[in-house]
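Since the structure comes first, as structure tokens, the remarks are kept for the end.
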Amino acid sequence: MAVRSSASVSAFKSSLLKIIRPLPNRLIYVNNPIGLKLLTRLRLGLSHLREHKFKHNFLDSLNPLCTCGLEAETTTHFFLRCHHFSVLRLTLLDKIRHIDNQILNQTNDFITRVLLFGDNKYNSITNSDIIKISIEYIIDSKRFDCPFM
């Protein structure tokens, strides 16, 4: 692997960051401060979702399991699998399908990454549209309307 054979520590760090850090997108123009705040929390794993709060030892989250009982309440679960948001999800996926039907043929992790960050293969307008659709889903879900603590 190229990372292991790096010539220096700085080259090793640089190679490693290219693997674990998503590539920066072009500027995305979205004027929705509340929606962007919620999206950023999801991106960082610091949201109201039970898995996020459980990982950070919040007293109100004794386990990461979603209230739907299906699995841990992860970002992917919230966007793509939680039964509580099935109707909203249909709208979300239909809007994404209109942007690029091929997105939905990918893995759930890839779809979630696109919903959170956009994708470098799209221009800034398309990425802005994707982010707006994601924010609309987040806000319409009302999942994050309660106080954080």
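Points worth noting:
- Listed by position, the helices (runs of 4 or more DSSP H) inside region 13-108 whose residues that are more than 14 Å from Ser134 (Cβ to Cβ) and out of contact with any Pro (no Cβ under 8 Å at 6 or more places or on another chain) number at least 3 are 86-99.
- Every condition in (1) surrounded by fewer than 19 Cβ atoms within 10 Å (Cβ to Cβ); (2) assigned to a helix (DSSP H, G or I); (3) out of contact with any helix residue (DSSP H, G or I) (no Cβ under 6 Å at 6 or more places or on another chain) is met by Asn127 except one, and the failing one is (1).
- Leu27 vs. criteria under 24 Å from Asp119 (Cβ atoms), modelled with pLDDT of 95 or more and within 19 Å of the chain's Cα centre (by Cα): no
- Only residues that are charged (D, E, K, R) and surrounded by 14 or more Cβ atoms within 10 Å (Cβ to Cβ) were counted in region 74-103, giving 4.
- The requirement of being within 27 Å of Tyr122 (Cα to Cα) and surrounded by 16 or more Cβ atoms within 10 Å (Cβ to Cβ) is fulfilled nowhere in region 54-73; no residue meets it.
- If you check Ile133, Ile103, Ile111 for being of a type in the set (A, V, I, L, M, F, W, C) and either at pLDDT below 95 or more than 17 Å from the chain's Cα centre (by Cα) (or both), only one passes: Ile103.
- Asp60 passes every criterion in (1) acidic (Asp, Glu); (2) under 17 Å from the mean Cα position of the chain (by Cα); (3) modelled with pLDDT under 95 apart from (2).
The values are calculated or read from the model by the stated rules, or taken from the named source; none is laboratory data. Just so we're clear, the structure is a prediction, and the values are computed from it rather than from any experiment. When we count neighbours, we look across all protein chains shown, and the Cβ atoms used for this are built from the backbone with ideal geometry, even at glycine.
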